[in-house]
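Okay, so here's the structure we're looking at.
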Amino acid sequence: MPFPHGNGSFFLGGGSIPFPVHSAYTGTDGQQKVVLNLNINININRSRTMENLPAQAARNLAEIRKQKPLVHNITNLVVMNYTANALLAMGASPVMAHAISEVEEMVSFAGALVLNIGTLTEDWVESMLTAGKKATALGTPIILDPVGSGATSLRTVSAKKILSQVGVGVLRGNASEILSLRHADSRTKGVDSIHGVEDAAQAAETLAVELATTLAITGPVDLVTDGERTVRIANGHPLMASVTGTGCTATATIGAFLAVDPDPLSAAATALAYFGVAGEVAAETAAAPGSFMIKLLDALYTITPEDLQHCCRFVNGQ
Amino acid sequence: MPFPHGNGSFFLGGGSIPFPVHSAYTGTDGQQKVVLNLNINININRSRTMENLPAQAARNLAEIRKQKPLVHNITNLVVMNYTANALLAMGASPVMAHAISEVEEMVSFAGALVLNIGTLTEDWVESMLTAGKKATALGTPIILDPVGSGATSLRTVSAKKILSQVGVGVLRGNASEILSLRHADSRTKGVDSIHGVEDAAQAAETLAVELATTLAITGPVDLVTDGERTVRIANGHPLMASVTGTGCTATATIGAFLAVDPDPLSAAATALAYFGVAGEVAAETAAAPGSFMIKLLDALYTITPEDLQHCCRFVNGQ
Amino acid sequence: MPFPHGNGSFFLGGGSIPFPVHSAYTGTDGQQKVVLNLNINININRSRTMENLPAQAARNLAEIRKQKPLVHNITNLVVMNYTANALLAMGASPVMAHAISEVEEMVSFAGALVLNIGTLTEDWVESMLTAGKKATALGTPIILDPVGSGATSLRTVSAKKILSQVGVGVLRGNASEILSLRHADSRTKGVDSIHGVEDAAQAAETLAVELATTLAITGPVDLVTDGERTVRIANGHPLMASVTGTGCTATATIGAFLAVDPDPLSAAATALAYFGVAGEVAAETAAAPGSFMIKLLDALYTITPEDLQHCCRFVNGQ
């Protein structure tokens, strides 16, 4: 029986690496052989030093403004408008599309796919799976925001289903959402009293390895880890918690950064720094949430790569 | 046959009173007896004097900021974002969830349930009924906004269905929406030419008794009645009518107040005063609807309980 | 067999003309005859000179503020809130309703119907067809925004389906969306490299005739044509492209103008001038997209008919 020709993809470290089947032949031993074109350079990214993050943040923002990547969002009904406006303000091109009959076509044009389970229903989860599998096959980076995971079983089950069937590059949520996604037999299971980002660090690193993805846990200080490398981001402003969908918008921002930066860890960390700096800039001229949410959109538009490099605050390690 | 053990609840005056079954036994007459722990103190609320409303308004706002009650909204697609931002700005915690498979779980965490039939479809009505029945059983206060009732039969029928199956504590709408919900054989049926809040007062009091709920009819002057007690609220600003979803947001605000105030009448009246004062504050620095809607969110955040007590304008009786 | 009595409608020039069947009888030749009350005065509109457009713009805006026409929108999830606020700000009365069981009833109250296929799913398309057919039968003007047509086949097919089954008065999109709707055997098919509004002019005029509708193609300079008459509108501001849903909101604005102006060409051209002037006014006090989108709503509210007549910039012909 001949080896089935076609392409495939590896799932590795939370990203996916598509590979072409180069050729197939019958060996001298009479067995079918297949030659794969595997050119895995993920270790190049993995070795990127954390010291480079401010410069990388500036490069990523400049690239978004230059490339205007299409970011395909299947997101919740509450934040669609604000998320789209944030993506436009930063220089990306948002598209919202959730019909199961068009998501594969739409995601094939996209530089990144954002999946967000707020206000989900079962049919939206099916669309997310369909889009996510297509993006995985294409090597398009995917970010998942498990809004409300841990609160209802529909949300927890749906987030786990997406994680198991889709090559999620970054998982962004608050500490309780992220930790609700541990396996039933998780080694982190014993850590039962997790309070906030700081306490969650060790559990997060273990979980990143378990889920084979990069975690972005947001809070007063954000934490990003792929299990090997951990970075904290100390930007942001308390008013961000008084505007609906700032977490979801942080997720979409990471989506735009993933479209221009192949390393999920630096994409997530630099995106959160950018979003946090925008919050700080907004708070300079707005003291209440209505004005603040508008000034935040303004700041996403006006912040230059140089501003970002100057203002971002990364803290390495544990 | 032994009396079935378990808990139950009474529907009374538009609210519901859960009660535990204390014990069951066979009486000397050979019949099954049940001892209920009924401790109905609703008359305490009913006797609350209207003079207390400004102080109650301040207490309610302070309690919302302290308790940050979770308000579960099943609401329309137009106002989801604005409503969520308003709830956050005032100090409450909004959640939007409409999947029929999760609404019972979600509402069980909530301090109040907001049902709003704008942009409804049949499946959303089913979710509202499911969530509403669960909230009723739990004694969680429920507010219904019958957006567009009277305009299409889907809306009128859906609103009536919810009212008949769910223990709605407050019904908030404009005069024509509310009066469209009179029974076919209503004693108020003769009142065919109702124009605005003032003309609707008598019809409203009769209807509140018929529907066994508290009515909050908004307009230039708002009217709240439970059939026995009637109060008018003279706060607000004409620009509120130029922003979409201010009615729906008033409804969500009452939802937050219901989570901290067990008397539907004072919860509704104080919430409308607070929302109206916010409109007045917003209009001090905004003369057109875009700026106004943003300043309104700001005002919901910045108004203190003392401000509210000072600025609210209640008018008692007919 | 008697001729079936009843009413019908003609589709002509992109609008529809309902006509009553006056009477039916058997002629002296033994054949069934039908007498129609046809009173077609569309040529009166057709002969309107382009020189009148600034004055017509002012009249249309004044009429919207006076009549407050109900504009029924079946639109996408991203722009519902902003579109509703824009319609309210300009003086119209928006309603969003998409349940297939209520759209016929709702559209029967409306002065115009806005169909927008962004974030569409199959069931929403069915609702659009149902509402659109009812509006066609009633002679209510219809505007279609084929968001994303050409990008996915669901969108292209849906837009073509609506165009073929509904009497669309105006079709508003960007150049690539509009040109994706050419028939497979279109005479304009040869024009394969269309870049922007200017290059699209000739193709647009041919397409307007093919589709028997008025096209409104927006870009840095907008172009409106019914195939016979072509006008360009040179208002607007680049920041409009940095706010999500400005195209959709332009569409809704045309919807409001169609409710007060029976000529689709002048309704579309004057609406786009008004929306563009609002963008110019907004840009006077806002330099970034968050503030800009709020000031744009303010400008829709504050611009007077006289302002509009003074500031609009129409350019006739090719």
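Along each of its three principal axes, how wide is the spread of alpha-carbon positions in region A:205-298, in whole angstrom units, largest first?
Here the spans come out as 41, 25, 19 Å, largest first.
Counting only the heavy atoms of the protein chains, how much of residue C:274 is accessible to a 1.4 Å probe, in Å² to the nearest 10?
Probe radius 1.4 Å; accessible area of residue C:274 about 0 Å².
Label points 7 Å out from Cα along the Cβ direction at residue B:55 and residue C:164: separation in nm?
Simple spin-label model gives 7.3 nm for this pair.
Write down the percent of antiparallel bridges among all DSSP beta bridges whose residues are both part of region A:53-316, to the nearest 5.
Close to 35 percent.
Averaged per residue, what accessible surface does region B:53-316 expose to a 1.4 Å probe, in Å²? Walk me through the numbers before you get to the answer.
On the way: 8030 Å² over 264 residues.
Solvent-accessible surface per residue comes out at 30 Å².
Residue by residue through A:117-127, how many Cβ atoms from other chains fall within 10 Å of the Cβ on average?
Taking all residues of A:117-127 together, the mean is 3.
To the nearest 0.05, how large is the calculated FRET efficiency for residue A:157 and residue B:126 if R₀ is 30 Å and r is the Cβ-Cβ distance? Please report the intermediate quantities before stating the final value.
Working: r = 21 Å, r/R0 = 0.69.
For residue A:157 and residue B:126, the calculated efficiency is 0.90.
What spacing in nm lies between the two simple spin-label points modelled at residue A:287 and residue A:316, each 7 Å away from Cα in the Cβ direction?
Placing both labels 7 Å beyond Cα along the Cβ direction yields 4.1 nm.
Averaged over peptide A:80-90, how many Cβ atoms belonging to another chain are found within 10 Å of each residue's Cβ?
Shielding by partners across A:80-90 averages 6.
Counting only other chains, and only Cβ atoms inside 10 Å, what mean value do you get across the residues of A:278-287?
Whole-number average of other-chain Cβ neighbours for A:278-287 is 1.
What are the ³J(HN,Hα) couplings of region C:147-154, residue after residue, when phi is run through the Karplus curve with 6.51, -1.76, 1.60 and θ = phi - 60°? Round to Hz, x for glycine and proline.
Per residue, the Karplus-derived 3J(HN,Hα) values read 3, x, 4, x, 7, 10, 6, 4 Hz.
From largest accessible area down, sort C:285, C:302; use a 1.4 Å probe on the protein chains.
C:285, C:302
For region B:96-102, just list the computed ³J(HN,Hα) in residue order, Karplus coefficients 6.51, -1.76 and 1.60, θ = phi - 60°, integers in Hz, with x standing in for Gly and Pro.
10, 7, 10, 5, 4, 7, 10
Taking K and R as +1 and D and E as -1, what net charge do the other residues with C-beta under 9 Å from the C-beta of residue C:205 add up to? Walk me through the numbers on the way to the answer.
Numbers: positive: none; negative: C:226, C:228.
Charge balance in the 9 Å sphere: -2.
Students sometimes get this wrong: rank A:172, B:313 by accessible area, probe 1.4 Å, all chains present, largest first.
From most exposed to least exposed: B:313, A:172.
Check which residues have an amide H placed less than 5 Å from residue A:70's amide H, if you skip close sequence neighbours.
A:93, A:111
Take the cross-link list A:68/C:295; A:161/B:68; C:66/C:134; A:134/A:160; B:68/B:133 and give me the ones stretching past 20 Å between alpha-carbons.
Long pairs (Cα-Cα over 20 Å): A:68/C:295; A:161/B:68; C:66/C:134; B:68/B:133.
Can you work out ³J(HN,Hα) from phi for every residue in region B:259-267, in order, using Karplus 6.51 cos²θ - 1.76 cosθ + 1.60 and θ = phi - 60°, giving whole Hz and x for Gly and Pro?
With the stated coefficients, region B:259-267 comes to 5, 10, 10, x, 9, x, 5, 6, 4 Hz.
The values are calculated or read from the model by the stated rules, or taken from the named source; none is laboratory data. Here the structure is a predicted model, which means the values were calculated and not measured. Note that we place each Cβ from the backbone using ideal geometry, even for glycine, and neighbour counts take in every protein chain shown. To get the accessible areas, we keep the full protein, side chains included, count just its heavy atoms, and leave off ligands, DNA and RNA. Shrake-Rupley method; radii C 1.70, N 1.55, O 1.52, S 1.80 Å.
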